[in-house]
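These notes are about the structure you will find just below.
Quick note: the coordinates plus some simple rules give every number you see, no bench work behind them. Note that the coordinates shown come from a computational prediction; the quantities given were computed from them, not determined experimentally. Please note: Cβ atoms are built from the backbone with ideal geometry, for glycine as well, and neighbour counts cover all protein chains shown.
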Amino acid sequence: MGIAYKRVLLKLSGEALMGNLGYGIDPGIVQQIAQEVAEVINSGIQLAIVVGGGNIFRGVKGASAGMDRATADYIGMIATVMNAMTLQDALEKIGIPTRVQSAIAMQEVAEPYIRRRAIRHLEKGRVVVFGAGSGNPFFTTDTTAALRAAEIDADVIFKATKVDGIYDSDPHTNPEAKRYQTLTYGHVLTHDLRVMDSTAIALCKENNIPIIVFDLSVRGNINRAVMGEAVGTLVGGNCEVS
């Protein structure tokens with residue numbers, strides 16, 4: 001089976017980086033992600049990453065505790081840069097050149113986000129990790145992933161999660177929950193399936209960017225998805241609900 005996608009945007013939640021820990025970053029999980037990313041890069045795929053910050057600080061939770069929402073979101077954005085730098089370190093330790101681009105100026109530790117520079121890095125075989133979300137409060141890192149994917153002309157968004165796809169209800173609470181193989185953007189929006197927020201789904205629909213949702217903990221899933229194997233759930237404009 002040949003390579004299905006040439007330029008991929010991988011969306012990692014902050015929670016994915018903490019593994020079974022209750023908080024923070026699990027070095028073993030980060031190393032596993034780095035190894036999988038290395039396999040993809042060594043196959044000639046161009047890969048960008050958007051990482052969340054929920055393992056360190058979640059803006060919505062801070063706001064619900066009484067903090068100003070914009071302030072809480074900015075703190076969450078800074079947390080994503082910490083995760084981005086951690087990923088960069090793990091990748092470069094195994095020989096994968098990596099650049100962190102931040103939407104909030106942090107010139108001592110990250111490049112500013114510049115679209116043309118990001119694309120040039122990808123063309124040179126470097127991994128680009130986008131930190132600090134979109135640089136704006138009130139927007140999720142899912143929306144950032146959709147935005148950056150459109151800006152760098154990515155072929156697909158991989159949303160790596162702790163579940164093996166999209167279900168019609170929460171599989172943790174409903175043992176009868178059905179997993180979808182394929183979905184339309186419209187079905188995700190109208191049934192509020194919450195795989196990504198509605199702004200992100202609408203952006204993907206408008207720019208016809210397919211989304212593949214799969215379980216990050218299964219070794220080799222990133223590479224399988226790149227090769228076009230059926231992992232997780234595919235959301236796209238030409239898909240049927242199945």
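Pairs with C-alpha atoms separated by more than 26 Å, drawn from the list K11/K61; K124/K205; K61/K205; K61/K159; K61/K178, are K124/K205; K61/K205; K61/K178.
Taking a quarter of the surface of the Cα convex hull of the stretch 128-242 gives a mean projected area of 7.7 nm². For V50, neighbours were defined as the other residues whose beta-carbon sits under 9 Å from its Cβ, and their charges (Lys and Arg +1, Asp and Glu -1) total +1. Near the amide H of M227, within less than 5 Å, lie the amide hydrogens of A4, all on another chain or at least 5 residues away, with H placed in the peptide plane.
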